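Please find one structure pasted underneath; my questions will follow.
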Amino acid sequence: MGIVKDPIMSQEGAYCLKGKNAIVTGGNRGIGLGIATAFAQQGANVGIMCRNQESAKAAVAEFSEKYDGTFRCYAVDISDMQQCRDAVAAFIADFGSVDILVNNAGVAVAGDVLDMDEDLTDWFHCIDIDLNGAMRMSYIVGKYMRDAGKGGKVINITSNSGAIINKPVTFAPYHAAKAALNHLTRDLAVEWGKYGINVNAIAPGYTYTDMAAKMPDEVKDEIIEKIPMGRFGQVSEIGALAVYLASEASNIVTGVVVTADGGYSLAV
Ligand SMILES: NC(=O)c1ccc[n+]([C@@H]2O[C@H](COP(=O)([O-])OP(=O)(O)OC[C@H]3O[C@@H](n4cnc5c(N)ncnc54)[C@H](OP(=O)(O)O)[C@@H]3O)[C@@H](O)[C@H]2O)c1
């Protein structure tokens, strides 16, 4: 018999993350920063894991000034298993436990498959970050959560292009990595249900990050035309969804991929 969570939940505080310890990979910018901010606003303690420590330290300093929790950052390249192990161990030493893991860090590699070099460098790079990086972190944290016996929440940030082929830019490795991560989400949900670990994914569509801000207006307008809700998503909206999936409110939800793209993938 696995861990039985109390089935009777008060709606008051159902989304509260006070006292929960969360790792957010790529929490220094973009969607990851939106998720880390939402967690901090809901009372969580947050560890940001990424390569660029300047932006990570800036986020930690801002959170520490504005919110009540404890915030730290860790230098890690998720393509390196030992760095992942060391960062998770350092997080546990600092916070005492891990309750929530968000696998957000990712890269988008564009270009036609037949234009790739002979070694398929772009293919292997994208798969190694977007799929294998999430797997490395999930394996390390999943083992910790199983052994600690208190359950936990794993949230994978995939993409609507894990289910559709986005055009006109070609993104085969990215599409394949995100589709595989969606299915890995379902797989781990089934394997880890008995440990009280929920595994879910959020599949954003076009979301307003620095990259979107730099897009020429005509490109943005062309995309917006195809989005039924008529706008890009905001990182705070992905953050709100992550809060739900990290909180007690979603204890019975596992193996689900929640698309957050304003209806784009239904209408292309
Ligand atoms: N923005 C969108 O419209 C959109 C749409 C659908 C899905 N997504 C997904 O949402 C996630 C975040 O996207 P974003 O738009 O916020 O991207 P972004 O602004 O480019 O941020 C990517 C993040 O991943 C981290 N990262 C990249 N490679 C890493 C590595 N090897 N090790 C550790 N961290 C690494 C980066 O930090 P460092 O560079 O400091 O390491 C950065 O924090 C990605 O998984 C992306 O595929 C985004």
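Within the range 224-243, count every residue that is surrounded by fewer than 19 Cβ atoms within 10 Å (Cβ to Cβ) and among the aliphatic types (A, V, I, L, M).
Matching residues across the range 224-243 total 3.
Out of the residues in the range 137-181 that are under 28 Å from Ala75 (Cβ atoms) and of a type in the set (Lys, Arg), which is nearest to the ligand (Cβ to nearest atom)?
Across the range 137-181, the extreme among qualifying residues is Lys178.
So which residues in the range 82-120 are of a type in the set (A, V, I, L, M, F, W, C), more than 16 Å from the ligand (Cβ to nearest atom), in a loop (DSSP other than H, G, I, E, B) and over 17 Å from Asn45 (Cβ atoms)?
At the first step, the residues of the range 82-120 found to be of a type in the set (A, V, I, L, M, F, W, C) are 84, 87-93, 95, 98, 100-102, 105, 107-110, 113-114, 116, 120.
Pick out the ones that are also more than 16 Å from the ligand (Cβ to nearest atom) and you get 89, 92-93, 95, 98, 100, 113-114, 116, 120.
Add one more test, that the residue is in a loop (DSSP other than H, G, I, E, B), and what stays is 98, 116, 120.
Met116, Leu120, listed by residue number.
Right, here's the next one. Determine, yes or no, whether Thr121 is of a type in the set (S, T, N, Q) and touching a Phe, Trp or Tyr at 6+ places or on another chain (Cβ under 9 Å).
no
Does the range 13-52 hold any residues that are within 16 Å of the ligand (Cβ to nearest atom) and among the aromatic types (Phe, Trp, Tyr), and which are they?
Phe39
Sticking with this structure for a sec: So is Asp77 acidic (Asp, Glu) and closer than 27 Å to Ala176 by Cβ or not?
Yes, satisfied.
Right, next: Return the only residue of Glu65, Glu54 being free of Cβ contacts under 8 Å to residues at least 12 places away in the same chain and over 20 Å from Asp210 (Cβ atoms).
Glu65 is the lone residue from the list that is free of Cβ contacts under 8 Å to residues at least 12 places away in the same chain and over 20 Å from Asp210 (Cβ atoms).
Can you tell me how many residues within the range 155-165 are closer than 15 Å to Ala267 by Cα and buried (at least 19 other Cβ atoms within 10 Å of the Cβ)? Show your work before the answer.
Keep residues of the range 155-165 that are closer than 15 Å to Ala267 by Cα, which gives 160-161, 163-165.
Going one step further and asking which of them are buried (at least 19 other Cβ atoms within 10 Å of the Cβ), we end up with 160-161.
Final tally of qualifying residues: 2.
List every residue pair whose Cβ atoms sit under 9 Å apart, with the two residues 6 or more apart in sequence or on different chains, where the first one lies in the range 213-224 and is among the charged types (D, E, K, R) and the second, anywhere, is assigned to a helix (DSSP H, G or I).
Cβ pairs passing all conditions: Lys220/Ala212.
I want to confirm something. Restricting to the range 193-212 and keeping residues that are of a type in the set (Phe, Trp, Tyr) and free of Cβ contacts under 8 Å to residues at least 60 places away in the same chain, which single residue is surrounded by the most Cβ atoms within 10 Å (Cβ to Cβ)? Steps first, please.
Of the range 193-212, the ones of a type in the set (Phe, Trp, Tyr) are 195, 206, 208.
Next, only the ones that are free of Cβ contacts under 8 Å to residues at least 60 places away in the same chain stay: 206, 208.
Numbers: Tyr206: 22, Tyr208: 19.
Out of the qualifying residues, it is Tyr206.
Which of (1) hydrophobic (A, V, I, L, M, F, W, C); (2) more than 18 Å from Val102 (Cα to Cα); (3) at pLDDT 95 or above is the odd one out, the single condition Met215 does not satisfy?
That leaves (3) as the condition not met.
The values are calculated or read from the model by the stated rules, or taken from the named source; none is laboratory data. Since the structure is predicted, the reported quantities are computational estimates derived from the model, not experimental observations. When we count neighbours, we look across all protein chains shown, and the Cβ atoms used for this are built from the backbone with ideal geometry, even at glycine.
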